[in-house]
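Here is the structure we will look at, set down as structure tokens.
The values are calculated or read from the model by the stated rules, or taken from the named source; none is laboratory data. The structure displayed is predicted, hence computed values, not measured ones. Cβ sites come from the backbone with ideal geometry, for glycine too, and all protein chains shown count toward neighbours.
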Amino acid sequence: MTPRVPSFDGMTAQRIALVTGANQGIGYALVEGLAARWSPDDLVLLTGRNRSRVAEATAGAAGASTTVARVEGRQLDVTDAGAVARMAAELTEEYGGIDVVVSNATARITPDLPQEEQADEFVDVANGGTHAMLRSFGPGVRPGGRLIVVASSLGTLGRLDERLHPLFQDASLKEVESVVESWRAAVHAGTAQHLGWPEWINVPSKVAQVAAVRAVARERRETDLRDGTLVAAVCPGLVDTPTSRPWFADFSQARTPAQAAAVVLDFVLADPVDPATYGELVRDGKVLPWPSGAQAG
């Protein structure tokens with residue numbers, strides 16, 4: 001049987017998308033954007049760990065004037081790897097696979113508290129959640145689909161001390177997980193900066209997210225490119241949200257969540273896939289080179 005290869009031009013059978021961390025901010029805007037661009041036969045799943053917030057956000061997205069596709073809410077705590085695996089299996093059984101998976105969940109941190117006091121929840125969501133999503137949903141992405149992690153321009157090796165580069169270079173997903181746990185332990189032990197890790201925990205976390213995407217992409221690349229499937233990390237740029245507000249002083253050039261989501265979706269839904277972007281960190285449709293993070297041209 002010839003595998004179903006969806007096109008993102010609205011001319012195919014039902015498509016299924018899932019977005020994590022989608023009850024607010026850019027995750028919510030991604031749901032709204034997908035629901036506006038897809039057709040009435042399509043389904044966009046809005047997920048988050050708080051049931052009431054998911055229900056409220058789903059009602060808002062489903063009732064938006066621009067919504068065309070169906071929007072349904074599902075409770076999902078990405079820090080629970082078992083729950084992630086169960087949902088991936090349920091959706092594969094129910095729909096035969098999934099077309100777009102966007103791993104967007106994150107935890108809020110603040111400069112008002114010591115980094116070590118916030119590290120566990122932040123790492124569990126941003127990194128543990130990313131790992132769980134890649135591992136469990138990756139096999140269920142249909143040919144021609146998209147497996148995307150929302151990351152940051154902070155997520156390149158050039159953001160780290162050169163001593164740390166070998167830890168992530170060509171690492172497998174399991175090895176990335178091990179590095180993350182070693183770094184987390186060093187944060188709690190007070191030795192992280194001595195070992196070369198930045199004080200701001202957001203930086204190593206983002207590097208690890210991109211490294212995880214690259215690890216999964218290396219294993220899938222040949223098959224995915226043949227089938228038109230995209231695995232990538234995306235940087236939405238500076239987005240004006242409560243999560244980013246404590247860390248930056250100038251938001252004059254920041255995007256709203258809706259503006260950022262539109263740029264991300266332009267890339268995610270582009271057809272055909274540009275092989276140069278496969279497995280990479282992409283901002284505004286251009287690759288941020290892994291060694292440096294500096295865009296060419």
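Look at Glu181 and say whether it is within 25 Å of Asp42 (Cα to Cα), surrounded by fewer than 21 Cβ atoms within 10 Å (Cβ to Cβ), of a type in the set (Asp, Glu) and at pLDDT 95 or above. Please lay out each step first, then the result.
Values: within 25 Å of Asp42 (Cα to Cα): no; surrounded by fewer than 21 Cβ atoms within 10 Å (Cβ to Cβ): yes; of a type in the set (Asp, Glu): yes; at pLDDT 95 or above: yes.
Judged against the criteria, Glu181 is not a match.
Name every residue in segment 222-244 that is among the charged types (D, E, K, R), out of contact with any helix residue (DSSP H, G or I) (no Cβ under 9 Å at 6 or more places or on another chain) and surrounded by 13 or more Cβ atoms within 10 Å (Cβ to Cβ), in order of residue number. Let's see the steps before the verdict.
Kept after step one, since they are among the charged types (D, E, K, R), are these residues of segment 222-244: 222, 224, 226-227, 240.
Going one step further and asking which of them are out of contact with any helix residue (DSSP H, G or I) (no Cβ under 9 Å at 6 or more places or on another chain), we end up with 222, 226-227.
Result: Asp227, single match.
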Is it the case that Thr79 is farther than 17 Å from Leu34 by Cβ, part of a loop (DSSP other than H, G, I, E, B), modelled with pLDDT under 95 and among the polar types (S, T, N, Q)?
-> no
Check off (1) surrounded by fewer than 15 Cβ atoms within 10 Å (Cβ to Cβ); (2) more than 14 Å from Thr130 (Cα to Cα); (3) modelled with pLDDT of 95 or more for Lys174 and give me the number that stays unchecked.
-> (2)
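Can you confirm whether Val44 is not in a helix (DSSP H, G or I) and not polar (S, T, N, Q)? Step through it out loud before you land on a result.
Numbers: not in a helix (DSSP H, G or I): yes; not polar (S, T, N, Q): yes.
Against the criterion (not in a helix (DSSP H, G or I) and not polar (S, T, N, Q)), Val44 qualifies.
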Sort out which residues of segment 12-29 are more than 12 Å from Ala57 (Cα to Cα) and touching a residue at least 12 places away in the same chain (Cβ under 8 Å), and write them in order of number.
-> Ala13, Gln14, Arg15, Ile16, Ala17, Leu18, Val19, Thr20, Ile26
Considering Ala208, Ala215, which residue is crowded, with 23+ Cβ neighbours inside 10 Å and touching a residue at least 40 places away in the same chain (Cβ under 8 Å)?
-> Ala208
When you look at Gly196, is it out of contact with any helix residue (DSSP H, G or I) (no Cβ under 9 Å at 6 or more places or on another chain), on the phi > 0 side of the Ramachandran plot and of a type outside the set (Phe, Trp, Tyr), yes or no?
-> no
Scan Glu280, Glu199 and give me the residue that is in contact (Cβ under 8 Å) with a residue 12 or more places away in the chain, acidic (Asp, Glu) and more than 26 Å from Asp170 (Cβ to Cβ).
-> Glu199
Go through segment 137-190 and give me each residue that's under 25 Å from Arg226 (Cα atoms) and either assigned to a helix (DSSP H, G or I) or among the basic types (Lys, Arg) (or both).
-> Phe137, Gly138, Pro139, Gly140, Arg142, Arg146, Leu173
Using the structure shown, decide if Met87 is crowded, with 19+ Cβ neighbours inside 10 Å, modelled with pLDDT of 95 or more, over 21 Å from Leu269 (Cα atoms) and in contact with a strand residue (DSSP E or B) (Cβ under 9 Å, 6 or more places away or on another chain).
-> yes
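Can we say Leu238 is without any contact (Cβ under 8 Å) to a residue 24 or more places away in the chain, in contact with a Phe, Trp or Tyr (Cβ under 7 Å, 6 or more places away or on another chain) and closer than 26 Å to Pro291 by Cβ?
yes
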